[in-house]
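The values are calculated or read from the model by the stated rules, or taken from the named source; none is laboratory data. Remember, it's a predicted structure, so these values are computed and weren't measured experimentally. Every residue, glycine among them, receives a Cβ derived from its backbone with ideal geometry; neighbour counts consider all protein chains shown. SASA here: full protein model, heavy atoms, side chains in, ligands and nucleic acids out. Shrake-Rupley method; radii C 1.70, N 1.55, O 1.52, S 1.80 Å.
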Amino acid sequence: MAAIDVTSVQSAGLPKRARKTDASCGSMVHKLFPTHNSARAIACGIARYQKTERVIKVAQLPASVQQYIDEKASLCQPDEVHICDGSADENMRFMKSLQKDGMIKALPKYDNCWLARTDPKDVARVESKTVISSEKRSDTIPTPKDGVEGKLGYWMSPADLQNAIKERFTGCMQGRTMYVIPFSMGPLGGPISKYGIELTDSKYVAASMRIMTRVTPRVLDYIDGGEDFVKCLHSVGAPLPLTRELVNNWPCDPENVLVSHIPANNEIMSYGSGYGGNSLLGKKCFALRIGSTIAKREGWLAEHMLILGITNPEGKKKYIAAAFPSACGKTNLAMMQPSLPGWKIECVGDDIAWMKFDGEGRLRAINPENGFFGVAPGTSMKTNPNAMKTCMTNTVFTNVAETSDGGVYWEGMDEPIPDGVDITSWKNEKWTPGSEELAAHANSRFCAPAGQCPAMDADWESPDGVPIDAIIFGGRRPQGVPLVYEAFDWRHGVFIGASMRSEATAAAEFGGKKIMHDPFAMRPFFGYNFGHYLEHWLSIDKPGRHIPKVFHVNWFRKGADGKFIWPGFGENIRVLEWIFGRMDGAENAVKSPIGLLPSEGAINLDGLNENVDMKELFELPKGFWQQETEEIKKYFDEQVTTDLPTDVAQELNSLKERVDSM
Ligand code: OXD
Ligand code: MN
């Protein structure tokens, strides 16, 4: 590593507070970093942490990691650098310190559970400020039709991104500590797993990353051994002294949020938000956006999918991956308690699947995450008892309401509020049942360790992953789309994924009930041009591979009375039973213009308490499907244009012909 002039470092890179204490750190600097300079700032921080028992020194890190920290510390100018060891002790120190800062509260009703309230301006992913940067625009997004706004991601040129980064990140950590988080996505050392280093100035993020990923210094050994790592930089954008007043003690800079990705460097830089997918960079940024670009290069799939194991009453087991847009009940499905006797569902993951073909041509999937960042409202002992049991210990809640007896509350929790117990809303205001305001924000979350879920599959941490026999696509479709149908083949399945649509979600900044296109449930998460992504999916079908069957489900169809026709939740096992049978070679499907439907009586309704109008549930109104094909055509023509693979265009034409002759 080349020596750099210390004077230039002092004037350019060193944080103010470190500059003041330079003298006291001098000898340490020389001991740890005989030639390397801006590491001086780092060394000052390290000196402090040497008082604790577990100390990892920057100088002990792999050179590539040192270099990364060094570069970003020079830019962000933190006062201190702390390398996280991921231990429970360290985490407890973080929690106590966050509590002291008024950023979280203990929830004494449960065991090691905490509540954070955010600035109400920082409550969701900010898609409009999420960008991918590449030399060529067309590597990131398809070129939309003239005069049409592209909806398949945002591109930023490398030069513009550099300016935006400089503007935002220079000095953004002054007065704060930079936490270095070594983390693994997937079981450590597994053939599908990948590693990351997140640098953040938020202890809340450090604590949440410890739940959501595997945070351990052992990651550094793999990097030292030659493994690459994804570079993740995050700042809340609130250097000290503060220039704006904190709301709820939640530092952020909502006006200047930027969540940026550079696939060519395996790099993520996120500024201004402390919330969820904007700041827990292992999740959407790494596992999906950067992950999908790595997967394309290396010939595998990084998808917004849950993974579940399904066992029939005879003890036969299969695994399914399923893609649903946010807020379609993915977590509920992944942990479902089946209503049919003898059936068992076990959870491998609730949000993301990394899938790779093994040497025998089987598609194997891992859940790269280690925790659940689940939407709280609507979760109850009735809808998802496993999630409720999971989040009663070691959980960080964000933006839920609080009860005066030290517990949490949200819409749809379905639990009576005991007499004398008061509720404080996510906005920190007194809340009474029946109030027009929400008690919990619609995108309020529980962040809980996956290992605590009673429904976890025995193989959920298998490094080689579990074999996938079916892929399900789904959406929230109040009209026209039947409960379930099967693709004719892989190519048709790819088309079904490409034409997915669903009602908007609270997880992003959109409101309302608009039906949005959300191909593969990946619209906010594509790391590269959607047309190229489709080519990649089509290329999966190679001789010698066991290609999964593809299905589409819709639990959300409404009847003429405006009510859901299908009861959903644990009753969805009836649909999975049919899918299981199809995977197993059952001949109980009939051809329809849109795909294969369950033949009459093939969906088991035994013991179903409600009277379900199966005819209405499976009806295919010609007018609806004509309009649907028109919508899909318009979307492809306007958004994907010349990047649409011919195979997908042909599938659309065939669907149109079949629908026209209905
Ligand atoms: C999520 C999402 O998982 O928005 O948070 O999809
Ligand atoms: Mn998701």
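When you check L188 against the structure, is it under 20 Å from the mean Cα position of the chain (by Cα) and open to solvent by 30 Å² or more (accessible area, probe 1.4 Å), yes or no? Judged against the criteria, L188 is a match.
Summed over region 376-406, the residues that are part of a helix (DSSP H, G or I) and polar (S, T, N, Q) give a count of 2.
Counting only residues that are among the aliphatic types (A, V, I, L, M) and within 17 Å of V215 (Cβ to Cβ), region 85-112 holds 4 of them. Pairs meeting the criteria (first residue in region 92-105 and farther than 15 Å from G274 by Cα, second residue open to solvent by less than 80 Å² (accessible area, probe 1.4 Å) and acidic (D, E), beta carbons under 9 Å, at least 6 apart or on different chains) are K105/E402.
Please work out if N367 is within 21 Å of C328 (Cβ to Cβ), over 16 Å from the mean Cα position of the chain (by Cα) and within 16 Å of ligand 1 (Cβ to nearest atom). Judged against the criteria, N367 is not a match. In this structure, A353 qualifies as within 16 Å of D457 (Cα to Cα) and either modelled with pLDDT under 95 or not aromatic (F, W, Y) (or both). The sole residue among A353, A327 that is within 16 Å of ligand 1 (Cβ to nearest atom), out of contact with any helix residue (DSSP H, G or I) (no Cβ under 6 Å at 6 or more places or on another chain), over 30 Å from R117 (Cβ atoms) and not charged (D, E, K, R) is A353. Select from region 153-185 the residues that are part of a loop (DSSP other than H, G, I, E, B), closer than 30 Å to H517 by Cα and in contact with a Lys or Arg (Cβ under 7 Å, 6 or more places away or on another chain) and list them in ascending order. Within region 153-185, no residue meets the criteria.
As for region 355-364, it holds at least one residue that is in a loop (DSSP other than H, G, I, E, B), open to solvent by 30 Å² or more (accessible area, probe 1.4 Å) and touching a Lys or Arg at 6+ places or on another chain (Cβ under 7 Å). Determine if region 383-402 includes at least one residue that is of a type outside the set (S, T, N, Q), within 16 Å of ligand 2 (Cβ to nearest atom) and modelled with pLDDT of 95 or more. Within region 383-402, one or more residues are of a type outside the set (S, T, N, Q), within 16 Å of ligand 2 (Cβ to nearest atom) and modelled with pLDDT of 95 or more. Taking the stated definitions as given, is E638 under 19 Å from F488 (Cβ atoms) and modelled with pLDDT of 95 or more? Judged against the criteria, E638 is not a match.
Considering the conditions (1) in a loop (DSSP other than H, G, I, E, B); (2) under 30 Å from N370 (Cα atoms); (3) not charged (D, E, K, R), S435 is excluded by exactly one of them, (2). Residues in region 105-141 that are within 16 Å of ligand 1 (Cβ to nearest atom), of a type in the set (S, T, N, Q) and in contact with an Asp or Glu (Cβ under 8 Å, 6 or more places away or on another chain): S128 only. Note on region 515-537: residues that are open to solvent by less than 30 Å² (accessible area, probe 1.4 Å), out of contact with any Lys or Arg (no Cβ under 6 Å at 6 or more places or on another chain) and away from ligand 2 (no atom under 16 Å from the Cβ) amount to 7.
Checked against the criterion of being part of a loop (DSSP other than H, G, I, E, B) and open to solvent by less than 30 Å² (accessible area, probe 1.4 Å), the candidates S326, S339 yield just one match: S326.
For region 293-327, the set of residues classified as within 13 Å of ligand 2 (Cβ to nearest atom) and either more than 21 Å from the chain's Cα centre (by Cα) or on the phi > 0 side of the Ramachandran plot (or both) consists of A327 only. For I307, the test of being open to solvent by less than 10 Å² (accessible area, probe 1.4 Å), over 27 Å from H441 (Cβ atoms), within 16 Å of ligand 1 (Cβ to nearest atom) and not in a helix (DSSP H, G or I) is passed. Do we have any residue at all in region 38-59 that's modelled with pLDDT under 95, β-branched (V, I, T), outside any helix (DSSP H, G or I) and under 30 Å from F373 (Cα atoms)? So far as region 38-59 goes, yes, one or more of its residues are modelled with pLDDT under 95, β-branched (V, I, T), outside any helix (DSSP H, G or I) and under 30 Å from F373 (Cα atoms). Just to verify a result, which residue in region 254-292, among those that are polar (S, T, N, Q) and open to solvent by less than 10 Å² (accessible area, probe 1.4 Å), is farthest from ligand 2 (Cβ to nearest atom)? By that ranking, first place goes to S260.
Figure legend. Inter-residue proximity from region 349-365: first residues aromatic (F, W, Y), second residues more than 16 Å from ligand 1 (Cβ to nearest atom) and part of a strand (DSSP E or B), beta-carbon distance below 7 Å, spacing 6+ or different chains. Indicated pairs: W354/A365; W354/I366; F357/L363.
Among the residues that make up region 86-108, is at least one of them open to solvent by 10 Å² or more (accessible area, probe 1.4 Å), of a type outside the set (D, E), under 26 Å from the mean Cα position of the chain (by Cα) and closer than 17 Å to I197 by Cα? Checking region 86-108: at least one residue is open to solvent by 10 Å² or more (accessible area, probe 1.4 Å), of a type outside the set (D, E), under 26 Å from the mean Cα position of the chain (by Cα) and closer than 17 Å to I197 by Cα. Out of region 449-494, which residues are open to solvent by less than 10 Å² (accessible area, probe 1.4 Å) and free of Cβ contacts under 8 Å to residues at least 60 places away in the same chain? Selection gives G493 alone. Restricting K129, K145, K151 to those that are more than 16 Å from ligand 2 (Cβ to nearest atom), open to solvent by 50 Å² or more (accessible area, probe 1.4 Å) and within 30 Å of K427 (Cα to Cα) reduces the list to K129. When we screen V612, V659, V590, V575 for residues that are within 20 Å of I515 (Cβ to Cβ) and either at pLDDT 95 or above or surrounded by 16 or more Cβ atoms within 10 Å (Cβ to Cβ) (or both), the only hit is V659. The set of residues in region 342-354 being away from ligand 2 (no atom under 13 Å from the Cβ) and not in a strand (DSSP E or B) consists of G342, W343.
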